[in-house]
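The values are calculated or read from the model by the stated rules, or taken from the named source; none is laboratory data. Quick caveat, the model's predicted, so the values are computed rather than measured. Because the Cβ atoms are built from the backbone with ideal geometry, glycine has one as well, and the counts that use them run over all protein chains shown.
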C-alpha cells in the first residue's frame, strides 16, 4: 500500500486568532484533529469505519513544537501522515506550513484504538495494515509525547490543590458544545483550557513554543472541572484539569 501525506489548506480568520494575536492553540489543535480525521477516513480507518466494528479512535497524548504561528489573513497548509505504531499507540505526525512551505509547527499524536464494548484499548498492529505509514521523519526530532516525570502530575490530589503547590486558575462546567463523537470532551478544548490556565502575565510575549498534553480520563457533559497551574524550576508551566480530586488532563507548556 502506497501512502502519501495529506495536505489541507486554510485561510486564517480573526476568530482563529482571538483578534489581534497569532493563531490560538485551540485553533491549532482543531486544524490538526480535522486533518487527522480526514486522512484516516480517506485511508479507510476513519471514525465511521471503526464505529461499524465497535471500535473508535481516542487521543491519548500529544507533543506540539511551535516555531511561529500565523496571523489573521495568512494562508497555511496542514500536513499529516501516519507514523506507524508503538506498543498500544497508533502514531500520527502533523505539520503547519506557511504559504512558502516553511514549517511553523509540528506535532506527534498518540492514539488508542478503543474497543467500545470491552472498554479497553486494542493492539494497533493487530488491526492496522503494517504498511499504513509514510516514510518521513518526525517534524522535530525531539517530539516525545507523554509526561512521565514521577511526582509532577499525580493522578489524584489529596486535599486542596494549593496544598501541593498548584494555583487555581478557573472553574467551568462541561456543556454540549465541548462534547465530541465519543461522548466526552474533545481534545481541543482540553488544550485550550490547559493553555489558558497559565496566567497571561506569566507567558512572556504570549507565544507558545511547546505544548505537551496527556489526556488521562474522560470528562462528560454536566461535570464541574477546575484548571490549576504552577511553574517549574526550568521556567516551564504545568497545568492540570481536575474533576474533584482526579486529574483528567495535564500539560507542560513553554512560552516566550
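Okay, here's what the table says:
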| read-out | value |
| --- | --- |
| Total residues in segment 85-106, condition within 16 Å of residue 58 (Cα to Cα) and not in a loop (DSSP other than H, G, I, E, B) | 7 |
| Residue, nearest to residue 114 (Cα to Cα), within segment 178-194, restricted to residues that are touching a helix residue (DSSP H, G or I) at 6+ places or on another chain (Cβ under 7 Å) and in a loop (DSSP other than H, G, I, E, B) | 181 |
| Considering residues of segment 132-157 that are modelled with pLDDT under 90 and out of contact with any helix residue (DSSP H, G or I) (no Cβ under 8 Å at 6 or more places or on another chain) only, the residue farthest from residue 66 (Cα to Cα) | 156 |
| Enumeration of residues in segment 44-84 that are part of a loop (DSSP other than H, G, I, E, B) and either touching a helix residue (DSSP H, G or I) at 6+ places or on another chain (Cβ under 6 Å) or over 23 Å from residue 4 (Cβ atoms) (or both) | 46, 52, 53, 54, 67, 68, 69, 70, 71, 72, 73, 74 |
| Selection count where residues are closer than 29 Å to residue 56 by Cα and not assigned by TED's automatic domain parsing to the domain that holds residue 251, scope segment 151-196 | 4 |
| All positions within segment 128-171 that are in a loop (DSSP other than H, G, I, E, B), more than 29 Å from residue 194 (Cα to Cα) and in contact (Cβ under 8 Å) with a residue 60 or more places away in the chain | 128, 129, 131, 132, 134, 136 |
| Test: residue in segment 91-99 that is more than 30 Å from residue 14 (Cβ to Cβ) and buried (at least 16 other Cβ atoms within 10 Å of the Cβ) | yes |
| Filtered residues of segment 59-89 (kept if touching a strand residue (DSSP E or B) at 6+ places or on another chain (Cβ under 7 Å) and surrounded by fewer than 16 Cβ atoms within 10 Å (Cβ to Cβ)) | 67, 68, 75 |
| Residue that is surrounded by the most Cβ atoms within 10 Å (Cβ to Cβ), among those in segment 1-39 that are modelled with pLDDT of 95 or more and in a loop (DSSP other than H, G, I, E, B) | 23 |
| Scan of segment 211-238 for residues that are in contact with a helix residue (DSSP H, G or I) (Cβ under 9 Å, 6 or more places away or on another chain) and over 14 Å from residue 149 (Cα atoms), ordered by number | 211, 215, 219, 221, 225, 226, 227, 228, 229, 230, 231 |
